[in-house]
Structure formats: structure tokens, C-alpha cells
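**Q** Pasting in a structure now, in C-alpha cells, and then I'll have a few things to ask.
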Amino acid sequence: MAKAKIQLPSVISEDSWFYKDNEELCKPHLGKPYISYSSVTSWEEYREDFIKQKFAGIEVPGNVYSDFGSYLGEAVENGEFGENPHGFTGQDNFKPFLDDRPENGEYEKMILIDMGEYVILGFIDIFSLNDEGAAIVVDLKSGGKNKEEQYMDPKYVQVILYAKAIEDSGTPVAVTGVWFVRRENSHFKPPLHISDEQFFIELEFTEERKQYAIDKVDRVVKEISACYKTFKKVFGNVKVEI
């Protein structure tokens, strides 16, 4: 009996939001299902919301914390802060980091790992090369008290996965890590504030961690695929209108 193919709710097409800016990378994989690391995390931590959004097409609103992370990420990508509808504060604390952005850096650099039946997509927050031409792969993260422990955990592999894609493309990897920005206040006590506590968490880039990262994504993809097939069998391809 032939092995059932992987089915995911997202497929690379010329209409995909990332296709135009990354056509050379994406074109050989048109029509393939894809998964992002953020989707892997959503499946494991917010499964109900994932199914609503990805399977049924129900819009799941963001929150002030995800907006805070996006606010910092866009500042790094553009070199300056953009619109601030939530009234976030502490921008001066982040300015030294923005001023120190690498001259040869790429921001939101897309990576792709071909897994055969599907591909893994991701976007490196900060990518640069050292003087020897080796890659420095950095993810930007923010959080409140003790949140950095999540990124120090060996099970955190997002940036490891991205670095593996760079290595597989032929560029050696020198450094992988997370630039962590402490967030103060909360939605109960707004506004969220960019603290001056910011530091780099360097992560070991080992064969074991690379394999763990790939295995983790592959396991989640198979779980999503099995669930998605059942969803389509029961509900078809009709998106829910609310």
C-alpha cells in the first residue's frame, strides 16, 4: 500500500505572501505543503487556535504581547521604530541595539529546508557574516520575568533550525543565538515597556541539536497532517464564515 502523502493547510503558490520577494528560493517548490516554526509552536502550545485559524479560516486576533514582539522585530528590520498604537515605551533603551545593526546584515532573511513531501520555511531576524565569511544567525526575543529560560533550554531549536538551513546552503555557521529583550509591565499594568536589560544567549550548534530540530518539526507535521485529513474528510474544503 502506498504511503499516505503529507497534507498541510498551507501550500506554496505564486500568491503566497512571501513568494514575490523570494521567488528564486520558492519556485522549485511550487505546490508543496509548507510549515513554519511558528506554526510548530502554535500546534504544540495553542492547538485550538491553530485549528480555528489554519483549518477553518477563522481569524484569531493577536494580543498586546505578540504586537510588542512585532514592534521590536520591525524596528530591527527597518532600523527605526514604526507606528506605536499601543503606546509602548522604552525605545531609548533599544536604540543602542538598532545603532549597532551589522552593516552587511540581512533582516527577515528567508530560509527553506526541503523535507521531500513538504518544506520548512522560516525567517531569520538578523543574519550577517563575520570576517571569515561564516554566518551569524540571531533571533530576537522578548519576554517578562524568567522568560529567557525558555531560550536557554536545549529544546528551544528555532534558531538552530534556521542555522542548519544556512549551513545546508553551503555557508559555514559561526554563531547561533538569541538577543533577549526584557519586557516590563503587562496588559493589566500598561504600557508594555522596553527595559534596559538586554543580552545575548549563545546556543550550541551541534549535530544532536540539528537532528532534534528536524525530528521535532517532522513529528509535528505528521500530527497536523493526520488531523487535517480528518478535518477535510468531515468538513470538506469549505472555510467557516463568521
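**Q** Could you look at the range 119-161 and say what percent of its accessible area is carbon and sulfur, using a 1.4 Å probe and all protein chains?
**A** Carbon plus sulfur share of accessible area: 48 percent.
**Q** Just to be sure I understand: of the beta bridges DSSP finds with both ends in the chain, what percent are antiparallel, rounded to 5?
**A** Working: 20 of 33 bridges.
In the chain, approximately 60 percent of DSSP beta bridges are antiparallel ones.
**Q** If I build a Gaussian network model for the chain, linking alpha-carbon pairs within less than 10 angstrom, which residue out of 37, 19, 107 has the largest mean-square fluctuation?
**A** Of 37, 19, 107, the most mobile in the Gaussian network model is 19.
**Q** Per residue, how much accessible area does the range 2-128 have with a 1.4 Å probe, in Å²?
**A** Each residue of the range 2-128 exposes 57 Å² on average to a 1.4 Å probe.
**Q** How compact is the range 3-97 by the rule of thumb for globular proteins, expressed as Cα Rg over 2.2 N^0.38 Å?
**A** 1.38
**Q** Something else about it: What are the extents of the Cα atoms of the range 45-152 along their three principal axes, listed from largest to smallest and rounded to whole Å?
**A** Extents along the principal axes: 46, 43, 28 Å.
**Q** About its Cα centre, what dipole magnitude does the range 114-222 give when the only charges are +1 on Lys and Arg Cβ and -1 on Asp and Glu Cβ, stated in debye to the nearest 20?
**A** Using only the charged Cβ atoms, the result is roughly 620 debye.
**Q** Loop by DSSP (not H, G, I, E, B), at most 16 other beta-carbon atoms within 10 Å: where is the longest site-free stretch of the chain for trypsin sites (Lys or Arg not before Pro)?
**A** So the longest stretch without any such site is 6-144.
**Q** Report, as a whole number in µm² per second, the diffusion coefficient that Stokes-Einstein gives for the chain at 25 °C and 0.890 mPa s using the Kirkwood radius over alpha carbon pairs.
**A** The calculation lands on 126 µm²/s.
**Q** Also: Restrict the search to the range 47-85; then list the GluC sites (Glu not before Pro) that DSSP places in a loop and that have at most 12 other Cβ atoms within 10 Å of their Cβ.
**A** When the GluC sites (Glu not before Pro) of the range 47-85 are filtered for loop state and at most 12 Cβ neighbours within 10 Å, 59, 80, 83 remain.
**Q** Measure off 7 Å from each Cα along the Cα-to-Cβ vector at residue 84 and residue 168, then give the distance between these two points in nanometres to one decimal.
**A** Between residue 84 and residue 168, the simple spin-label model gives 4.0 nm.
**Q** Do the alpha carbons of any pairs in 20/145; 141/210; 54/147; 20/141 sit beyond 32 Å of each other, and which pairs?
**A** Cα-Cα > 32 Å for 20/145; rest within.
The values are calculated or read from the model by the stated rules, or taken from the named source; none is laboratory data. The shown structure was predicted, so the numbers you read here are calculated from the model rather than taken from an experiment. Note that each Cβ is placed from the backbone with ideal geometry, even for glycine, and that neighbours are counted across all protein chains shown. Protein only, heavy atoms only, side chains kept; ligands, DNA and RNA dropped before computing areas. Shrake-Rupley method; radii C 1.70, N 1.55, O 1.52, S 1.80 Å.
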